[in-house]
Ligand code: AMP
């Protein structure tokens, strides 16, 4: 199947040609025609499967068919969960729109940087706005933008946008949008609860490859290495030396952890940088850009970097700490093996995270064999402090029921 057969204009085809996209990916084959028709869509597409073009191309085509004269009301709003993703999606859309006869204005707005340049950029309106919810609300409060003309709303990483963390903000934004509009939800995972929510948001949607189970990217080779918690940094260093990875993205659980691991690797002469939410936006942008440019070999990140971020030729992802949810596991390992490349995802399993990894395996319907690396073998028993019971031992402490029984007995006496 070709892009031309999907009904895209010759201008868009010419942009795709310049980008070297020869054939549409499966999600593009399915999404482009229905989005062009104006239908609502729920699309479960593995991360890295080309979903940005899946919604971006038909939206740009629809807008360019009726170019705005003078003031440009926002016609398409793309909501994303992170600042990095906002910048990335806007950049991709600008590439796709490059050959259109009428220049479209596509802007990204996100928090952590000064609002003034964004307000200036939105003067005179814009055709496509890519935004994180918090900053969009700030801009709406400042009357810097107006969403009453939105024809298409896209929730990228929709499961994250619909979860509780964004619920209030999303609710307020939806109030600013016309009720009659096209709504498109794209995500790699659609937990059952989120699917239920989508019923309220969408009008007779077309479901594309919707799977309620997490789908693990098929081209990613997954390995689970058993190691003691205290040996993880040394093992990471060893693997970086041994395996010749040109680049590796290491996921950790906390901001402090990210700084620590990056600092320790740097001490050993490995070019490593941390990426997490406590850094200034400038530092975040710089860390990611320099990692993409291969100035750094290792990016040590929190889950901030787990969604949507597109890093070409990233051969390896390491879960230094395991992700909290099985869905996050899918998103994290989807950072490698993008656009048809193969990739490797390694998870460190210490005694503390054994049970949690089993849960991740169960949810993603797979069992990985456990490896040990010579010189870093995991000790057979968990460390002593792990065995100490954390709470009171059942049976030793009186239960609430016991106390009530005793009180009743005392009263009877
Ligand atoms: P996405 O899932 O939208 O983040 O896209 C993942 C990567 O695949 C990006 O680097 C895109 O530039 C690339 N890509 C998307 N569609 C195609 C295509 N049809 N042919 C080749 N590369 C593509």
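Would you mind calculating the gained length between residue 18 and residue 148 on full extension (0.36 nm times residue separation, minus the Cα-Cα distance), in nm to one decimal?
On the way: separation 130, 0.36 × 130 = 46.80 nm, distance 3.43 nm.
Here the segment from residue 18 to residue 148 would lengthen by 43.4 nm.
From the alpha carbon centroid of the stretch 29-67 to that of the stretch 249-309 is 32 Å. Mean sequence separation of contacting Cα pairs (under 8 Å, at least six apart), scaled by the length of the stretch 220-387, corresponds to a relative contact order of 34 percent. Each of 32, 154 has some number of other Cβ atoms within 10 Å of its Cβ, and from fewest to most they run 32, 154.
Just need the relative contact order of the stretch 4-208 here, percent rounded to a whole number, with Cα pairs under 8 Å and 6+ apart.
Details: 356 pairs, mean separation 57.5, N = 205.
RCO, the stretch 4-208: 28 percent.
Mark the label point 7 Å from the Cα of residue 138 along Cα→Cβ and return the residues of the stretch 296-337 whose backbone N is within less than 12 Å of it. No residues fall inside that zone. Across the chain, the mean sequence separation of Cα contacts (distance under 8 Å, 6 or more residues apart), normalised by length, yields a relative contact order of 16 percent. If both residues of a DSSP beta bridge must be in the stretch 4-208, then about 0% of such bridges are antiparallel.
Seen against the Cα atoms of the chain and their longest principal axis, helix 51-65 is set at about 20 degrees. Just the Cα atoms of the stretch 4-208, one point each, no solvent: what log10 I(q)/I(0) does Debye give at q = 0.10, 0.15 Å⁻¹? Debye curve over Cα of the stretch 4-208, log10 I(q)/I(0) at q = 0.10, 0.15 Å⁻¹: -0.38, -0.90.
Rounded to the nearest 10 degrees, the angle from helix 26-36 to the longest Cα principal axis of the chain is 50 degrees. Only alpha carbons enter this Debye calculation for the chain, each as an equal point scatterer, and the log10 of I(q)/I(0) it gives at q = 0.10, 0.12 Å⁻¹ is -0.73, -0.99. Using the rule -39500 (n - 2.57) for each DSSP H run of four or more residues, divided by the residues of the chain, the 222 nm mean residue ellipticity is -12000 deg cm²/dmol. Against the chain, whose longest principal axis is taken from its Cα atoms, helix 10-19 shows a tilt of about 40°.
Here, each number is a calculation from the coordinates, and none is a lab measurement. Since this is a predicted model, take the numbers as computed values, not measurements. Backbone-built Cβ (ideal geometry, glycine too); neighbour counts: all protein chains shown.
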